[in-house]
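Enquirer: Let me give you the structure first, and then I'll get to my questions.
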Amino acid sequence: MPRSERITALAGGLLGLLLGAALSYVVLQDRAGRLDAAGQQAQAVASGIERLLSYELRNLERAMLGIAGDAEQLFATVPDQAPGLLSSAVAGVVERHGELESIVLLDPRGRALTAGRGDPGFAGWIDQARRGTGSALRFGLMEREGDGEWLLPLALPMRDGRWILSRLRSAELHEAVGGVETGEQGVAMVLDRDGRILAQNREPQRHVGTFLAGFAGEDLLRGAATLRGETRPDGVSRIVAWRVSDDYPLTVAVGVAEREVLAAWRPFAGWALASYAAYWLGLALLLGTVRRAGRTQAGLLRELREGTGRLRMAQRLGGTGSWELGRGSRTIVWDEQVAEIVGLPADRREIGVDEFLAMIHPDDRARLAGLFSAAWDAPEPVAADYRVVRPDGTVRWISSHGAVAAGPGGASRMNGTVIDVTGRMQAQLALADAERQFRLMFERNPLPFWVLDAGSRRFLEVNDAAIVHYGYGRDEFLAMSLADIEAAASDDGPAAALQDAYGDSQQRTHRKRDGTTIEVHTHSAAIEFRGREALLVLAEDVSQRVAWEQALAHRATHDDATGLLTVTALAERLDREPDRGYEIFNVRLPRLDLIRDTLGREASEAIVRAVAERLDWMARRFGLAAHLPPATFVLAVRGPDGQERALNELCASLAEPVRGGAALHHLEARIGVARHPADGATADKVIGHAALAAHLVERGGTEVARYVPAMSEEVNQRLAMTARVRRALERREFRLHFQPIRRVADTAAVAIECLLRWPQPDGGFVPPLAFIPLCERSGLIGELGRWVLREAATTAARLAAAGRDDIAVAVNVSAGQFAGRDLPGEIQRLADEFGLRRGALHVELTESVLMDRPDHAMDTLRRLQRQGVRVALDDFGTGYSSMSYLSDLPVDTLKIDRMFVARVDADARSAAICRALIALGHSVGMTLVAEGVEHAGQHRWLSENGCDQVQGFLFDRPQPFDETFAALGGQRGRELAGEAPADPAP
């Protein structure tokens, strides 16, 4: 092979490889670009449709929520009229929402509670119904009515178990996708989460309800994505983009037929392939030409013409045509490719200018004519994109380029090329339409929307809702920056910093034009706006919700009546600073219950509020205060200093009278004190120990007790003793002993007093003072008192059966038993049950029992007297002992306390007191009984000074009934004692 041929072959081969690589890159890039553009177009359309559907469904959900709220209120207030009233309201909503076929209120079984038809299968599908993450709506399966219309059931649960069922017409879904331009074989669909078609823009009714493979359940990625492949049920291969709704179980899928997208690419690829093949053929021809260098010039020219013809063929395959127009000529000359593009026969190579202009779309005709007319006088090339209406009515987009050049003989001619760019222009128009739909949703959105510049934070665009809600005009808004409505907005940093500070979901505080502030929840996304980095922000006003949440938080930690902290909240705050010492003052107001019972709730609440104000004032100076309803307050004094001063001021404050109702009241507070950390590692422990110390304060007035560990032991002992008393009651371990009361004159017995005894296994007894006060505090005194009364009634019945009904049985009644029960009624029932005579039972009370509730005490005493029950005032002279009230008390007997009787015969002071008491009792017609008579000197003095009756060890010691009865009646009495009637079951 000659050297020149080798060089030509090597250079031509390398150049061919480079040309092949370049053509492959260009062809594949063009194909990828067309597919990507189609995917982006489909994705933009899918996102727009999804936002439109979400907006419409959100409006529908709000309407259903409104109906649900009305329904709950009506069923709570007027349940009988609720169905009728709701039917009228629902009819109005359906009339306003033409997209709804019906709205019905259902019970859980699907039966209609308002006008309209129910759903017998409701219970079967509602539990499996799909729902979105941000919505309570449940989506059922599409239903087909008799007239062929498809309906989508939408169910909304109510708090009372009922449901709101709406039936959405499929036409509403079809309308969302019906106007979308997807090409001749493209498709836009709305599917549910199971891949079932709900609506589509091609043959809307044909495929509704059909499952679409690949779009079901968890197989489908959330958010937005694209794929390529066969789209069933029609089997067309498409580029499909979908958008999964975040709020509702819907998926929007938009597919563009791959065949249509690549329609313009295939000729281009063919042209490239033909050009490449032509190159290698040309190279081969070149080599042949070199090899045939000695051949004639005519043969070489013939080969060159053939190469030019093939090149023109490749140009036709690439969809590119050429044209020519002479100055002054009215005829355009073009090649067969141009004729094919404009829809004319391929053999028609020329056309008149006027005829060609008539084929131009009317909207482009004048512009194109003026552009090319001016090109004759301008040296610059001319380019234009315009539409041609082909004879068959189809419209094609053409890109034409041309320039004026000198032709043969110096005449000016305009030469150029045309390319069919219909596919590209359709993609651009679809993108512009998607942008228009986005603009529509931006402007018409009922929530405030705006666009911020990433660099300057200035407003680039706002919607009408933002203008109305914030009060600024559009021009004012666009002249402002974020800092003008939000004090926390930053004025420096890149766009990424702005999105971090104003992220996807934030709660912010904004200022309106009138100066008021609102709480807003913002949602944002980074976008490109007019060629610059920006942020799209939605601002939802949540001021009412924030205020409501703050109110709930305050109510959770504060007492409603006083505004002070709850004890739980106080403990939590103290535990946040465990290293900081504090002292707890637990304040109990034991008389508050009495005030509430006597003067009423309003007086009691007024006292509580007054005390709370005093504690709050001290808390502002020393620490924290809390209220534990109804009658306990807690003051926490922080720091090591000032605790003693705080306690002194607290005592002084509580000692001052408080107005409740029309009177002033002394509080008589009980204050327990405990210190952290000495008395507990946690606030709960310290507060509990302070409460224990306050609980153990027994005296009146304002008293203070500091917690010591022995208090816990004392309380534990009390609890253990209370449990023992309860078991003793259940096991009937208690016994009654009796001590006679005798006349002074002849020592004859007139009554026997019941004395409660609790025998122990070792033969001893638990002293009454060890368990009676515990019974008072624990509430067991009622049960114990009823047992004693029944035993006393049984004893009186036994005395009557033995012929000694002249001897009465006296029973000591505690304060709890006297105040908490119907004592006269209980005694009367026992008297009727055992057949007792009037006066068979006596009642002994202490002065403190009568003074706690004087009005109640007087009423009870009068009822007892009317029943014939004699009442004795026990331990007279040791209590309140006011001489003035004796004449008003319906009391029969005074019992002189043993401490006055003990030295009555040897001590002049004791004798004077007893003499005065005897004279006082006789002056108001009462019988006097001296307690604790233990030797003859006492008995002699009492007899000489007119005392009526005596009781003591001089005559009798307390004994069981049999021994006591024997002492009263001798041997005969002992025999009759065994014949007493049986004790009825309690």
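The values are calculated or read from the model by the stated rules, or taken from the named source; none is laboratory data. Just so it is clear, the model here is predicted, and its values are computed rather than measured. Virtual Cβ from ideal backbone geometry, glycine too; neighbours counted across all protein chains shown.
Enquirer: If you go through region 603-618 one residue at a time, do you hit one that is among the hydroxyl-bearing types (Ser, Thr, Tyr), assigned by TED's automatic domain parsing to the domain that holds Pro578 and farther than 18 Å from Ser653 by Cβ?
Expert: Residues of region 603-618 among the hydroxyl-bearing types (Ser, Thr, Tyr): 604.
Next, from what is left, pick out any that are assigned by TED's automatic domain parsing to the domain that holds Pro578: 604.
From what is left, the residues that are farther than 18 Å from Ser653 by Cβ are 604.
Within region 603-618 (the criterion being among the hydroxyl-bearing types (Ser, Thr, Tyr), assigned by TED's automatic domain parsing to the domain that holds Pro578 and farther than 18 Å from Ser653 by Cβ), the answer is yes, since at least one residue qualifies.
Enquirer: Can you tell me which of Ala690, Ala674, Ala705 is modelled with pLDDT of 75 or more, buried (at least 17 other Cβ atoms within 10 Å of the Cβ), at negative phi and in a helix (DSSP H, G or I)?
Expert: Working: Ala674 fails: in a helix (DSSP H, G or I); Ala705 fails: in a helix (DSSP H, G or I).
Residue meeting the stated conditions: Ala690.
Enquirer: Next question, about the same structure. How many residues are in a helix (DSSP H, G or I) and among the basic types (Lys, Arg) when one looks only at region 80-120? Before you say what the answer is, go through the steps one by one.
Expert: Residues of region 80-120 in a helix (DSSP H, G or I): 82-96.
From what's left, among the basic types (Lys, Arg): 96.
Looking only at that region, the number is 1.
Enquirer: Would you please list the contacts, defined by Cβ atoms under 7 Å and residues six or more apart or on different chains, that run from a residue in region 916-935 that is more than 16 Å from Asp888 (Cα to Cα) to a residue that is buried (at least 18 other Cβ atoms within 10 Å of the Cβ) and among the hydroxyl-bearing types (Ser, Thr, Tyr)?
Expert: Val929/Thr893
Enquirer: Another one. Is one or more of the residues making up region 564-573 under 28 Å from Ala705 (Cβ atoms) and part of a loop (DSSP other than H, G, I, E, B)?
Expert: yes
Enquirer: What is the one condition in (1) assigned to a strand (DSSP E or B); (2) over 30 Å from Val933 (Cβ atoms); (3) of a type in the set (A, V, I, L, M, F, W, C); (4) modelled with pLDDT of 80 or more that Leu664 does not satisfy?
Expert: (4)
Enquirer: For region 582-602, which residues satisfy the criterion of being at pLDDT below 80 and in contact with a Pro (Cβ under 9 Å, 6 or more places away or on another chain)?
Expert: Within region 582-602, Leu592, Asp593, Arg596 meet the criteria.
Enquirer: Are there any pairs with C-beta distances below 9 angstrom linking a residue in region 530-557 that is under 14 Å from Arg508 (Cα atoms) to a residue that is of a type in the set (Ser, Thr, Tyr) and at pLDDT 80 or above, with the two at least 6 apart or on different chains, and if so which?
Expert: Once the first residue is under 14 Å from Arg508 (Cα atoms) and sits in region 530-557, its partners that are of a type in the set (Ser, Thr, Tyr) and at pLDDT 80 or above give Val537/Thr522; Val537/Ser524; Leu538/Thr522; Leu538/Ser524; Ala539/Tyr470; Ala539/Thr522; Glu540/Thr522; Ser543/Thr517.
Enquirer: For region 741-776, enumerate the residues that are assigned to a helix (DSSP H, G or I) and either within 14 Å of Val843 (Cα to Cα) or touching a residue at least 40 places away in the same chain (Cβ under 8 Å) (or both).
Expert: Taking region 741-776 first, the residues assigned to a helix (DSSP H, G or I) are 768-776.
Within region 741-776, Ala770, Phe771, Ile772, Leu774, Cys775, Glu776 qualify.
Enquirer: Where in region 604-661 are there strands (runs of 3 or more DSSP E), lying wholly inside it, with at least 3 residues that are buried (at least 18 other Cβ atoms within 10 Å of the Cβ)? Quick ask: steps written out before the conclusion?
Expert: Working: elements: 623-628, 632-638, 658-660.
Output list reads 623-628, 632-638.
Enquirer: Please determine whether any residue of region 3-16 is touching a strand residue (DSSP E or B) at 6+ places or on another chain (Cβ under 9 Å) and not aliphatic (A, V, I, L, M). Before you say what the answer is, go through the steps one by one.
Expert: Taking region 3-16 first, the residues touching a strand residue (DSSP E or B) at 6+ places or on another chain (Cβ under 9 Å) are none.
No: zero hits.
Enquirer: Scan region 917-931 residue by residue and report those that are surrounded by 13 or more Cβ atoms within 10 Å (Cβ to Cβ) and assigned to a helix (DSSP H, G or I).
Expert: As a first pass, look at region 917-931 and keep what is surrounded by 13 or more Cβ atoms within 10 Å (Cβ to Cβ): 917-918, 920-922, 924, 926-931.
Leu917, Ile918, Leu920, Gly921, His922, listed by residue number.
Enquirer: Can I ask one more? Quick one: in region 276-286, of everything that is in contact (Cβ under 8 Å) with a residue 24 or more places away in the chain and in contact with a Gly (Cβ under 7 Å, 6 or more places away or on another chain), which residue is surrounded by the most Cβ atoms within 10 Å (Cβ to Cβ)?
Expert: Gly282
Enquirer: Can you confirm whether Cys775 is more than 14 Å from Leu736 (Cα to Cα) and buried (at least 21 other Cβ atoms within 10 Å of the Cβ)? Can you show your working first?
Expert: Numbers: more than 14 Å from Leu736 (Cα to Cα): yes; buried (at least 21 other Cβ atoms within 10 Å of the Cβ): yes.
Yes; evaluated as a whole, the condition is true for this residue.
Enquirer: Tell me which of these Leu74 doesn't satisfy, since it passes every other one: (1) within 18 Å of Gly161 (Cα to Cα); (2) more than 28 Å from the chain's Cα centre (by Cα).
Expert: (2)
Enquirer: Mind checking which residues of region 255-270 are in a helix (DSSP H, G or I) and in contact with a Lys or Arg (Cβ under 8 Å, 6 or more places away or on another chain)? Quick ask: steps written out before the conclusion?
Expert: So in region 255-270, the residues in a helix (DSSP H, G or I) come out as 258-261, 265-270.
Across region 255-270, the qualifying residues are Glu258, Val261, Trp265, Ala269.
Enquirer: Let me ask another. Is it true that some residue in region 511-528 is of a type outside the set (Phe, Trp, Tyr), in contact (Cβ under 8 Å) with a residue 60 or more places away in the chain and touching a Leu at 6+ places or on another chain (Cβ under 7 Å)?
Expert: The answer is yes; a qualifying residue exists.
Enquirer: Within region 112-140, count every residue that is in contact (Cβ under 8 Å) with a residue 40 or more places away in the chain and among the charged types (D, E, K, R).
Expert: Summing the residues that are in contact (Cβ under 8 Å) with a residue 40 or more places away in the chain and among the charged types (D, E, K, R) in region 112-140 gives 3.
Enquirer: Could I ask something else about it? Being under 19 Å from Gly118 (Cα atoms) and either touching a residue at least 24 places away in the same chain (Cβ under 8 Å) or not assigned by TED's automatic domain parsing to the domain that holds Ala115 (or both) is the filter here; which residues of region 146-158 pass it?
Expert: Kept after step one, since they are under 19 Å from Gly118 (Cα atoms), are these residues of region 146-158: 146-147, 149-158.
Listed by number, the residues that qualify are Glu149, Trp150, Leu151, Leu152, Pro153, Leu154, Ala155, Leu156, Met158.
Enquirer: Which numbered condition in (1) touching a helix residue (DSSP H, G or I) at 6+ places or on another chain (Cβ under 9 Å); (2) surrounded by fewer than 17 Cβ atoms within 10 Å (Cβ to Cβ); (3) more than 20 Å from Asn59 (Cβ to Cβ); (4) in contact (Cβ under 8 Å) with a residue 40 or more places away in the chain is the only one that Gly161 fails?
Expert: Here Gly161 meets the rest and fails (1).
Enquirer: Separate question: Only residues that are of a type outside the set (A, V, I, L, M, F, W, C), at pLDDT below 70 and either in contact with a Phe, Trp or Tyr (Cβ under 8 Å, 6 or more places away or on another chain) or in the same structural domain as Arg591 (by TED's automatic domain parsing) (or both): list them for region 845-893, please.
Expert: If the condition is that a residue be of a type outside the set (A, V, I, L, M, F, W, C), at pLDDT below 70 and either in contact with a Phe, Trp or Tyr (Cβ under 8 Å, 6 or more places away or on another chain) or in the same structural domain as Arg591 (by TED's automatic domain parsing) (or both), then Gly877 is the only one that fits.
Enquirer: Yes or no: region 366-387 includes at least one residue that is out of contact with any Phe, Trp or Tyr (no Cβ under 8 Å at 6 or more places or on another chain) and in a strand (DSSP E or B).
Expert: Step one: list which residues in region 366-387 are out of contact with any Phe, Trp or Tyr (no Cβ under 8 Å at 6 or more places or on another chain), which gives 366, 369-381, 383.
Add one more test, that the residue is in a strand (DSSP E or B), and what stays is 383.
Scanning region 366-387 turns up at least one residue that is out of contact with any Phe, Trp or Tyr (no Cβ under 8 Å at 6 or more places or on another chain) and in a strand (DSSP E or B).
Enquirer: Scan region 42-60 and tell me whether some residue there is without any contact (Cβ under 8 Å) to a residue 40 or more places away in the chain and either part of a helix (DSSP H, G or I) or under 54 Å from the mean Cα position of the chain (by Cα) (or both).
Expert: Looking only at region 42-60, we keep the residues that are without any contact (Cβ under 8 Å) to a residue 40 or more places away in the chain, and these are 59.
Then keep just the ones that are either part of a helix (DSSP H, G or I) or under 54 Å from the mean Cα position of the chain (by Cα) (or both); that gives 59.
Scanning region 42-60, I find at least one residue that is without any contact (Cβ under 8 Å) to a residue 40 or more places away in the chain and either part of a helix (DSSP H, G or I) or under 54 Å from the mean Cα position of the chain (by Cα) (or both), so the answer is yes.
Conditions tested, residue by residue: (1) assigned to a helix (DSSP H, G or I); (2) at pLDDT 90 or above.
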{"residue": "Arg786", "(1), (2)": "yes, no"}
{"residue": "Glu791", "(1), (2)": "yes, yes"}
{"residue": "Thr795", "(1), (2)": "yes, yes"}
{"residue": "Arg804", "(1), (2)": "no, yes"}
{"residue": "Val809", "(1), (2)": "no, yes"}
{"residue": "Gln817", "(1), (2)": "yes, no"}
{"residue": "Glu833", "(1), (2)": "yes, yes"}
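Enquirer: Asp579 versus (1) more than 30 Å from Ala678 (Cα to Cα); (2) modelled with pLDDT under 80: which is the lone unmet condition?
Expert: All conditions pass for Asp579, except number (1).
Enquirer: Considering only residues that are touching a residue at least 60 places away in the same chain (Cβ under 8 Å) and of a type in the set (D, E, K, R), look in region 558-572 and name the one that is surrounded by the most Cβ atoms within 10 Å (Cβ to Cβ).
Expert: Applying the first criterion (touching a residue at least 60 places away in the same chain (Cβ under 8 Å)) to region 558-572 yields 559, 561-562, 564-567, 570-572.
Okay, now just the ones that are also of a type in the set (D, E, K, R), so 559, 572.
Numbers: Asp559: 19, Glu572: 14.
Looking at the filtered set, the residue picked out is Asp559.
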